[in-house]
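Heads up: the structure comes next, in structure tokens.
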Amino acid sequence: MILPFDLIIQIFVVICAVAAITVKDLLSAVMILGAYSFFMCLMWAQMGAVDVAFTEASVSAGIGTILCIAAIMKTTRRTKD
Amino acid sequence: MIFRKDDIIVNTISRILIPFIQLYALYVIMHGHYSPGGGFQGGVILGASMVLLLLTRGYDEAKYKFPEQIATLFSSVGVLIYAGIGLLCLFVLGNFLDYGKLAALLNVTPSHARSLGILGVEIGVGFAVMSVMYSIFLDISTGGVLPEDEEE
């Protein structure tokens, strides 16, 4: 474990997590969630869990983001009521 | 519903990138038993390449490469490969998914048979995961109603 690297990644993870729930636009929230997944992936990799990091990168950052975008394509920009 | 947009950058990048993504996914599946990765991760990457094809070309073109019926068939075939290898081990008087007993059938040493058995299981998992990911994306993006369903 490399402490400075770990701290930097941790700060980015927290920033991305807070930003994803505070931002108003849904598409931006999904993109920030994808960035969060990549930082989590880096964190798993530097902790030595390469298999978990691989799964996080492919499932959460790859397919999960795409599925969320597909769901957002079904919504409209303004609410109807 | 996703339609094709005539954007030259998107079309060219997807055409160049899709074969390499699929090659990498096959590498992850084939090396799953001695390196990180395996059937699930490789299947997800393979499914992501199919989803990229669907996103950039639209379902009207993607249905000639990978129609939804084939995706449904492949998801069942993947489970069949997994369960079939497990049941084959039962037929040669081993436990379920006990690949070492397959050595007599494959005419190799038991350790080699274990390696081949886990490879076959991972290929099955990869098939199932790829087609299920594609089906989930297709169902979410179209709302469960495909164009050919509306024509009937």
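The values are calculated or read from the model by the stated rules, or taken from the named source; none is laboratory data. Predicted model, so just to flag it, every value in this text is computed and none were measured. Note that we place each Cβ from the backbone using ideal geometry, even for glycine, and neighbour counts take in every protein chain shown. Quick note on the areas: whole protein, heavy atoms, side chains included, nothing else; ligands and nucleic acids left out. Shrake-Rupley method; radii C 1.70, N 1.55, O 1.52, S 1.80 Å.
Can you give me the angle between helix B:8-30 and the longest principal axis of chain B, using Cα atoms only, in degrees from 0 to 90, rounded to the nearest 10?
Approximately 10 degrees, to the nearest ten.
Return, for the Cα atoms of the stretch A:25-76, the radius of gyration and Dmax in Å, separated by a comma.
Looking at the stretch A:25-76, its Cα Rg and Dmax stand at 12.3, 42 Å.
In degrees between 0 and 90, to the nearest 10, how far off the longest principal axis of chain B does helix B:39-57 point, with axes built from Cα atoms?
Result, in degrees: 20.
Tell me which lysines have Cα within less than 22 Å of residue A:74's Cα, excluding those fewer than 8 residues away on the same chain?
Correct list for residue A:74: A:24, B:5, B:63.
With unit charges on the beta carbons (Lys and Arg positive, Asp and Glu negative) and the dipole taken about the Cα centre of the protein assembly as shown, which residue among B:80, B:118, B:59 sits farthest to the positive side?
Of the options given, the answer is B:118.
Using the Cα centre as the reference, give the magnitude of the dipole from point charges on the C-beta atoms of the protein assembly as shown (Lys, Arg: +1; Asp, Glu: -1; all else neutral), rounded to the nearest 20 debye.
In total the dipole reaches around 360 debye.
Carbon-plus-sulfur fraction of the accessible area of the protein assembly as shown, 1.4 Å probe, in percent?
70 percent
Output the DSSP H helices from chain A with an along-axis C-alpha extent of no less than 24 Å and a mean Kyte-Doolittle hydropathy no less than 1.0.
Helix filter hits for chain A: A:3-22, A:26-46.
Remind me, relative contact order of the stretch B:1-126 in percent, using alpha carbon pairs under 8 angstrom and six or more residues apart?
28 percent
Please express the shape of chain B as an equivalent ellipsoid: the semi-axes are the square roots of 5 times the eigenvalues of the C-alpha gyration tensor, given largest first in whole angstrom.
Equivalent-ellipsoid dimensions as semi-axes: 36, 18, 9 Å.
Please list the non-local residues whose amide H lies under 5 Å from the amide H of residue A:47, H modeled 1.01 Å from N, same-chain partners needing a gap of 5 or more.
none
Given the options A:22, A:65, A:55, state which has the largest fluctuation in a GNM of chain A using a 10 Å cut-off (strictly under) for Cα springs.
The residue with the greatest mean-square fluctuation here is A:22.
Report, in debye and to the nearest 20, how large the dipole of chain A comes out about its Cα centre when Lys and Arg carry +1 and Asp and Glu carry -1 on their Cβ.
Value, rounded to 20: 520 debye.
Among A:16, A:44, A:76, whose Cα lies farthest out toward the positive end of the dipole of chain A, if unit charges sit on the beta carbon of Lys, Arg (+1) and Asp, Glu (-1)?
Of the options given, the answer is A:76.
Looking at chain B, identify the longest residue range that excludes and avoids all chymotrypsin sites (Phe, Trp or Tyr not before Pro) in DSSP loops having at most 13 other Cβ atoms within 10 Å.
By the stated rule (loop sites, at most 13 other Cβ atoms within 10 Å), B:35-95.
At 7 Å along Cα-to-Cβ for each site, give me the label-to-label distance between residue B:3 and residue A:51 in nm.
In this crude spin-label approximation the distance works out to 4.7 nm.
Let me test this: with uniform point scatterers at the alpha carbons of the protein assembly as shown, what is the Debye-based log₁₀ I(q)/I(0) at q = 0.08, 0.09, 0.10 1/Å?
Log-scaled intensity ratios, in q order: -0.39, -0.49, -0.60.
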